[in-house]
Amino acid sequence: DDDVVIVSTARTPIGRFQGDFASMTAPQLGAVAITAALERAGVSGDEIEEAFLGNVVSAGVGQAPTRQAVIGAGMPWKVPCTTVNKVCASGMKTIMLAATQIKAGLRGVMLAGGFESMSNAPYYLPKARAGLRLGNDTIVDGLVHDGLWDCYNNQHMGMCGEKCADDFQFSREDQDAYAIESYRRAAAAIEAGLFKDEIVPVSVPQRRGDAVVVDQDNEVYSTKPEKIPALRPAFKRDGTVTAANASSLNDGAFATVVMSGAAAKARGLAPLAKIRGFADAEKEAVDFTTAPADAVPLAFANAGVTAKDVEYHEINEAFSVVALANMRILGLEHDRVNVNGGAVALGHPIGMSGGRIVGGLISVLRQKDATLGCASICNGGGGASAIVIERL
């Protein structure tokens, strides 16, 4: 009864940048995932005691993004709502916060997850409010500025990926090989229907005619693997990180219903998984790429498990080199990490991804008839979150 359990998960397909979901706001995508998560859990919105949802680039989204998504899903106005911004780890952090509330006895049934519309991130005119008195000025890309920029070193986070590759001596060929395998795994998983239990189809209204229903991830088909080695570096002239061996810009949403074991038992529900433990870690911002390797052992300790107990890992592929470096530090074999592909191939809606890899991990544990798994994700500013899940 004291356990914290995951009763349902649901996610939208991951849409390409300026693609299928460009006409939808981030909270609208969130509402789709929330509606499905509630339905799959067999609970009503009235039973949710509080909602934590992640969103990173909130400029232009409107006041209280989580509130918008919750009300958009038909939930009652009485549900307290909080939007969480831990950059790429936002979606995972909401699950950790929900679990903490439940473990403390403050709540019994919680909603967590995250959403992002990178397609709709606005541009800024920073000096316009004070007045542009004379001459030209700069338009700032809000997506890059608030989502993808290392403000501590005044550089794109891709440069942190370059530093990681240099620090650990991962070549361009190493990163491209990893990316090609991520694309292969993701395409194979889609073709085998391995994401069908995770995904809820999204009906996208059109200006004319019937709505278009999007029911599968489509980022994976935007790149031809055989062309990956020929791409130019994305962040510096002699670099090794490219648009293909890094994650892409995307839109999507994830939601999960988390509750106490007692609440699940009282409702006669069969949980998908138990949250065994979790942790955050921080280091210098420029080295955020390897922060998961610091968070994972802390999560193991919190969960009371050892590295040998954990059968499968999801490590968010912000860049191919992130997965490569953390696998090396943690001593992980690639056949146990991101077995259905990762963000390099599937895409990385930054407010969603931390939740998506938790839902994906639950799917992998079921598909592989395994018990224990760990999901970890780095975030801008030098941080990472990790969570240990036990399939029930």
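Put simply, of Tyr178, Tyr183 the only residue that is within 18 Å of the chain's Cα centre (by Cα), farther than 30 Å from Glu47 by Cβ, open to solvent by less than 40 Å² (accessible area, probe 1.4 Å) and not polar (S, T, N, Q) is Tyr183. Looking only at the range 117-156, residues that are part of a loop (DSSP other than H, G, I, E, B) and touching a strand residue (DSSP E or B) at 6+ places or on another chain (Cβ under 7 Å) come to 2 in all.
Residues checked against (1) farther than 30 Å from Ala165 by Cα; (2) open to solvent by less than 10 Å² (accessible area, probe 1.4 Å); (3) among the charged types (D, E, K, R):
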residue	(1), (2), (3)
Arg207	yes, no, yes
Ala230	no, no, no
Asp238	no, no, yes
Asp251	no, yes, yes
Ala255	yes, yes, no
Arg276	yes, no, yes
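For every residue, the table says whether it meets (1) more than 21 Å from Met96 (Cα to Cα); (2) hydroxyl-bearing (Ser, Thr, Tyr).
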residue	(1), (2)
Asn245	yes, no
Ala262	no, no
Ala273	no, no
Gly277	no, no
Val305	no, no
Ser320	yes, yes
Asn326	yes, no
His334	yes, no
Gly341	yes, no
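Restricted to the range 213-232, and to residues there that are touching a residue at least 60 places away in the same chain (Cβ under 8 Å) and out of contact with any helix residue (DSSP H, G or I) (no Cβ under 8 Å at 6 or more places or on another chain), the residue that is farthest from Leu194 (Cα to Cα) is Ser222.
Basic (Lys, Arg) and either crowded, with 20+ Cβ neighbours inside 10 Å or over 24 Å from Val144 (Cβ atoms) (or both) - does that describe any residue in the range 186-202? Yes, that holds for at least one residue. Pairing each residue of the range 158-174 that is more than 14 Å from Arg237 (Cβ to Cβ) and among the aromatic types (Phe, Trp, Tyr) with any residue that is open to solvent by 60 Å² or more (accessible area, probe 1.4 Å) and not in a loop (DSSP other than H, G, I, E, B), provided the two are 6+ apart or on different chains, yields C-beta distances under 7 Å for Phe168/Arg328.
Within the range 285-309, the set of residues being outside any helix (DSSP H, G or I) and surrounded by fewer than 24 Cβ atoms within 10 Å (Cβ to Cβ) comprises Gly304, Val305, Thr306. Scanning the range 209-228 for residues being of a type in the set (Val, Ile, Thr) and open to solvent by 20 Å² or more (accessible area, probe 1.4 Å) gives a total of 3. The set of residues in the range 319-361 being of a type in the set (A, V, I, L, M), touching a residue at least 60 places away in the same chain (Cβ under 8 Å) and open to solvent by 10 Å² or more (accessible area, probe 1.4 Å) consists of Leu324, Val339. For the range 116-143, the set of residues classified as in contact (Cβ under 8 Å) with a residue 12 or more places away in the chain, over 21 Å from Asn154 (Cβ atoms) and surrounded by fewer than 16 Cβ atoms within 10 Å (Cβ to Cβ) consists of Pro122 only. Residues that are within 17 Å of Thr9 (Cβ to Cβ), assigned to a helix (DSSP H, G or I) and in contact (Cβ under 8 Å) with a residue 60 or more places away in the chain do not occur anywhere in the range 383-392. Looking only at the range 114-143, residues that are at pLDDT 95 or above and either under 12 Å from Ala59 (Cα atoms) or not hydrophobic (A, V, I, L, M, F, W, C) (or both) come to 13 in all. Just checking: which of the strands (runs of 3 or more DSSP E) contained wholly in the range 1-106 hold 1 or more residues that are open to solvent by 30 Å² or more (accessible area, probe 1.4 Å) and at negative phi? Because the criterion is at least 1 residues that are open to solvent by 30 Å² or more (accessible area, probe 1.4 Å) and at negative phi, the strands (runs of 3 or more DSSP E) in the range 1-106 that meet it are 81-84.
The values are calculated or read from the model by the stated rules, or taken from the named source; none is laboratory data. This structure is a prediction, so every number in the text was calculated from the model and none was measured. Here Cβ is always computed from backbone atoms with ideal geometry, including for glycine, and neighbour counts include all displayed protein chains. The area values use the complete protein model at the heavy-atom level, side chains included, leaving out ligands, DNA and RNA. Shrake-Rupley method; radii C 1.70, N 1.55, O 1.52, S 1.80 Å.
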